[in-house]
Amino acid sequence: CFRGLSLHQGRWRGCRRIVLGDARPRARLGRRAGSNARGWGRVMEITIRTALAEEFDAFRTVAATALGFEPYAEDTPRTAAYFEFPRSFAAYDGSRLVGTLGGYSMTLSVPGGTMKMAGTSFVGVQATHRRRGVLRALIDRHFAEVREGGEAIVGLWASEAAIYGRFGYGLAAHS
């Protein structure tokens, strides 16, 4: 790293280390001292951990804002009823929720029977924290959890499918 920049996959990106798990925040994403209008002034401490039921409203608001819509309060009980908190992850910059990923247990019909599949939705990172490795950290944590659970397939419901090709997702069907 030189002055907070490193060459990664042919592009200059901010130096970063991300902690996966429910450990102390040790991740460093972003920029060093010397603030300017582009947000290069502080080093972010990002922690990725399992989402909690009591923070569902904040989780849902961050995901909705990142996807460009306003969540409706009357939808909250219905959405929370099927939400799987142990499989979902939240990214925090200090005490501020800045990224979300919702994981789901699903069953996929295949020739000869069914198999377990992990579902992925509610993926979003606040505009203030994009291009700093937060999405990559959320996806990596989700994939690690999927591998530990023995699921061979991960499905994604995406509003912008082109974003996720770099993580190994591809088009399964036209709707």
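The values are calculated or read from the model by the stated rules, or taken from the named source; none is laboratory data. Keep in mind that this is a model prediction, so the values were computed, not measured. Neighbour counts run over all protein chains shown; Cβ positions are idealised from the backbone, glycine included. The area values use the complete protein model at the heavy-atom level, side chains included, leaving out ligands, DNA and RNA. Shrake-Rupley method; radii C 1.70, N 1.55, O 1.52, S 1.80 Å.
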Checklist entry - residue 146 is checked against (1) open to solvent by less than 40 Å² (accessible area, probe 1.4 Å); (2) over 14 Å from residue 88 (Cα atoms) and fails just one. What number does that condition carry? => result (2)
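Can you work out which of the residues in segment 98-116 that are surrounded by fewer than 18 Cβ atoms within 10 Å (Cβ to Cβ) and in contact with a helix residue (DSSP H, G or I) (Cβ under 9 Å, 6 or more places away or on another chain) is nearest to residue 76 (Cα to Cα)? Steps first, answer last, please.
Of all residues in segment 98-116, those surrounded by fewer than 18 Cβ atoms within 10 Å (Cβ to Cβ) come to 104-116.
Remaining after also requiring in contact with a helix residue (DSSP H, G or I) (Cβ under 9 Å, 6 or more places away or on another chain): 104-105.
Values: 104: 17, 105: 20 Å.
For segment 98-116, the residue satisfying everything is 104.
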Checklist entry - residue 85 is checked against (1) under 25 Å from residue 161 (Cβ atoms); (2) surrounded by 11 or more Cβ atoms within 10 Å (Cβ to Cβ) and fails just one. What number does that condition carry? => result (1)
Checklist outcome for this item: The residue that is surrounded by the fewest Cβ atoms within 10 Å (Cβ to Cβ), considering only those in segment 117-143 that are of a type in the set (A, V, I, L, M) and assigned to a helix (DSSP H, G or I), is 127
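Going through 3, 32, 16, 49 one at a time, which residue ends up being at pLDDT below 50, under 27 Å from residue 144 (Cα atoms) and open to solvent by 30 Å² or more (accessible area, probe 1.4 Å)? Lay out the reasoning, then the answer.
Working: 3 fails: under 27 Å from residue 144 (Cα atoms); 32 fails: under 27 Å from residue 144 (Cα atoms); 49 fails: at pLDDT below 50.
After ruling out the rest, the residue left standing is 16.
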Checklist entry - When residues of segment 61-81 are filtered for being open to solvent by 30 Å² or more (accessible area, probe 1.4 Å) and in contact with a Phe, Trp or Tyr (Cβ under 8 Å, 6 or more places away or on another chain), how many remain? => result 1
Next on the checklist: I'd like the residue in segment 149-166 that is of a type in the set (A, V, I, L, M), in a helix (DSSP H, G or I) and farther than 15 Å from residue 101 by Cβ and, out of all such residues, is most open to solvent (accessible area, probe 1.4 Å).
Outcome noted: 162
Checklist entry - Name the residues in segment 98-135 that are over 11 Å from the mean Cα position of the chain (by Cα) and touching a residue at least 24 places away in the same chain (Cβ under 8 Å), would you? => result 106, 108, 115, 116, 117, 118, 119, 127, 128, 129, 131, 132
